[in-house]
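Q: Quick one: this structure, given as structure tokens, is what I'll be asking you about.
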Number of protein chains: 2
Amino acid sequence: MTGSADFLLNGKRGSGLDVHDRGLQYGDGLFETLEVYQSRPLFWDLHLQRLTKGCHRLAIPAPDPLVLRQEGDQLIRQCTHGVLKLIVTRGCGGRGYRPPEKPEPTRLLSLHPWPDYSEQLTQNGVRVRFCQTPLGLNPQLAGLKHLNRLEHVLARSEWWQADIHEGLMLNGQGEVIEGTMSNVFYFSNGDLFTPAVDQCGVKGIVRDLIITLARQLSLSVSETSVSPERLLHADEIFLTNSVIGIWPVRQLGDHRFILGENTRRLQAAYQQLWQQQAGYA
Amino acid sequence: MTGSADFLLNGKRGSGLDVHDRGLQYGDGLFETLEVYQSRPLFWDLHLQRLTKGCHRLAIPAPDPLVLRQEGDQLIRQCTHGVLKLIVTRGCGGRGYRPPEKPEPTRLLSLHPWPDYSEQLTQNGVRVRFCQTPLGLNPQLAGLKHLNRLEHVLARSEWWQADIHEGLMLNGQGEVIEGTMSNVFYFSNGDLFTPAVDQCGVKGIVRDLIITLARQLSLSVSETSVSPERLLHADEIFLTNSVIGIWPVRQLGDHRFILGENTRRLQAAYQQLWQQQAGYA
């Protein structure tokens, strides 16, 4: 996601952001990250729904979905494979932290190259570590994909090894919540578990899809408290987000994990959904 | 702090911020807010020291203080009384949350009108409430004046009454930490207390000055855990920041407080410091 990407700021190309925008001043906004495949934004409706819901929770007037869709389509018209990022901020104004009475939100859509993750990561799994940087608890912000991401930046700064693909973040009570850029799931005796994200963490779009798919496959799914110990004793672990899809975990810290049948089944089910979205089905 | 203010972005007037700046994307940066009086930025050295220290903690290369001073001087040359805000971000680049190996920080200095707070607030005290929005715990970010301020925005959104001047924020454990834009102190039996800010909260410049001044006046000062009950049973309460100086609290929730001698003494001592900075002494 570097500076070379194309973007539309409130529908216009090429201009800079008003330096007084509350997105910069306070991180007062939300974002979405979508896969673009053959000029289609995948799972667009789900991302838009989450963005709109997030705007309601922060009392930011939600931008017209049709305008966002139009601007998105304009930006990705010639994109074979890429990442579309949507940012909505509360715009300028207000007095200090106090929001303006009638906010005029800022829309920023930017298109980024598809990351060069190897297909091997999906097939053979990834290596993961635990991060030291904790996630602060805040039920009012929990689940939201908001712009206050300094904790994730610090967590992602903890390692530089190219063969460690993700870091898991814990809350102050030592419960595992999520990866720096992904949600985490594990299987134990055939049942599926994922950390609850009602106190902190992001409620990922693929996370929601996996929960639905798993239930359709008659799996038991629980959103629950997850200790590092429980995770290390899991039968299978995997990570999800809109760009990586499902990555099995082959190593967490010093522990090695098998690439099991349960994860494979979910990968296949998710692949089917993906193909529908990508226009194959 | 509205859009009408004058600013310098990396030394230049009038341009917009690169939309890929990590300050917008992640709140990956820090800020300072200073009083400007007769073209002097007050307590400049202390603000610069905190900013530099904050940059070290976040591994952002600290901008050259001389450049910041030069740009500040340029901006405030004709300012009789105003507020100078400095923002430093990690700049653009990196891969997702992961910072670039050699960050090129962004400097944003902006000048804002002096807020129209009545002198009555300093003399007769302010009315304060408790906020519902909690502060998330994060020792790695505690004390820093960083750009992740969504919690403060939500807390400041909880009330609209013009005669409530500040709201106090608690952490998830129910301990009082700070005001939305200020630090809080109280006197009990002649001793001075203020919440510790090693788990969350901002280590304010005026907070530090008050602690030093109080010790010079041979007062006992403790940075400690503060429950709402302790605060409600205090003899005197006051708030501090670089713009308001010291505001005595005359009402917290339904409890009324006297404007006591101890607070007056600190106001007088701080006023002396202020006059030195403003060039009177």
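Q: Can you report the number of residues in the stretch A:92-116 which are within 30 Å of A:ILE164 (Cα to Cα), assigned to a loop (DSSP other than H, G, I, E, B) and out of contact with any His (no Cβ under 8 Å at 6 or more places or on another chain)?
A: 2
Residues checked against (1) closer than 13 Å to B:ARG90 by Cβ; (2) in contact with a Gly (Cβ under 9 Å, 6 or more places away or on another chain); (3) surrounded by fewer than 17 Cβ atoms within 10 Å (Cβ to Cβ):
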{"residue": "B:GLN38", "(1), (2), (3)": "no, yes, yes"}
{"residue": "B:PRO41", "(1), (2), (3)": "no, yes, no"}
{"residue": "B:ASP45", "(1), (2), (3)": "no, no, yes"}
{"residue": "B:LEU48", "(1), (2), (3)": "no, no, no"}
{"residue": "B:LEU51", "(1), (2), (3)": "no, no, no"}
{"residue": "B:GLY54", "(1), (2), (3)": "yes, yes, no"}
{"residue": "B:ALA59", "(1), (2), (3)": "yes, no, yes"}
{"residue": "B:PRO63", "(1), (2), (3)": "yes, no, no"}
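Q: Taking the stretch A:116-148 as the search range and keeping residues that are among the hydroxyl-bearing types (Ser, Thr, Tyr) and under 18 Å from the mean Cα position of the chain (by Cα), which one is farthest from the other protein chains (Cβ to nearest Cβ)?
A: Within the stretch A:116-148, the match that is farthest from the other protein chains (Cβ to nearest Cβ) is A:THR122.
Q: When you look at B:GLN120, is it at pLDDT 95 or above, surrounded by fewer than 16 Cβ atoms within 10 Å (Cβ to Cβ) and farther than 23 Å from A:LEU135 by Cβ, yes or no? I'd like the intermediate steps shown before the answer.
A: Details: at pLDDT 95 or above: yes; surrounded by fewer than 16 Cβ atoms within 10 Å (Cβ to Cβ): yes; farther than 23 Å from A:LEU135 by Cβ: yes.
So B:GLN120 passes the test.
Q: Could you list all residues from the stretch A:43-72 that are among the basic types (Lys, Arg) and either assigned by TED's automatic domain parsing to the domain that holds A:LYS203 or in contact with a Leu (Cβ under 7 Å, 6 or more places away or on another chain) (or both)?
A: Initial filter on the stretch A:43-72 (among the basic types (Lys, Arg)): A:50, A:53, A:57, A:69.
A:ARG57, the sole residue that qualifies.
Q: Could I ask something else about it? Can you pull out every residue in the stretch A:149-179 that is touching a His at 6+ places or on another chain (Cβ under 9 Å) and at the interface with chain B (Cβ under 9 Å from one of its Cβ atoms)?
A: A:LEU150
Q: Taking interchain pairs and intrachain pairs at least six residues apart, which have beta carbon atoms under 9 angstrom, with the first residue in the stretch B:35-60 and acidic (Asp, Glu) and the second assigned to a helix (DSSP H, G or I)?
A: Listed pairs, sorted by first residue: B:GLU35/B:TRP274; B:GLU35/B:GLN277; B:GLU35/B:ALA278; B:ASP45/B:PRO65.
Q: Considering only residues that are without any contact (Cβ under 8 Å) to a residue 60 or more places away in the chain, among the hydrophobic types (A, V, I, L, M, F, W, C) and within 13 Å of another protein chain (Cβ to nearest Cβ), look in the stretch B:80-101 and name the one that is nearest to B:LEU30 (Cα to Cα).
A: Of everything passing the filter in the stretch B:80-101, B:VAL88 is nearest to B:LEU30 (Cα to Cα).
Q: Determine which single condition B:GLU104 fails, assuming it passes every other condition in (1) at the interface with chain A (Cβ under 10 Å from one of its Cβ atoms); (2) touching a Cys at 6+ places or on another chain (Cβ under 8 Å).
A: For B:GLU104, the failing item is (1).
Q: Inspect all residues belonging to the stretch A:69-79 and state whether any of them is under 30 Å from B:TRP160 (Cβ atoms), more than 8 Å from chain B (Cβ to nearest Cβ) and crowded, with 20+ Cβ neighbours inside 10 Å.
A: no
The values are calculated or read from the model by the stated rules, or taken from the named source; none is laboratory data. Small disclaimer: the values here were computed from a predicted structure and weren't measured. Heads up, the Cβs are rebuilt from the backbone with ideal geometry, glycines too, and the neighbour counts pull from every protein chain shown.
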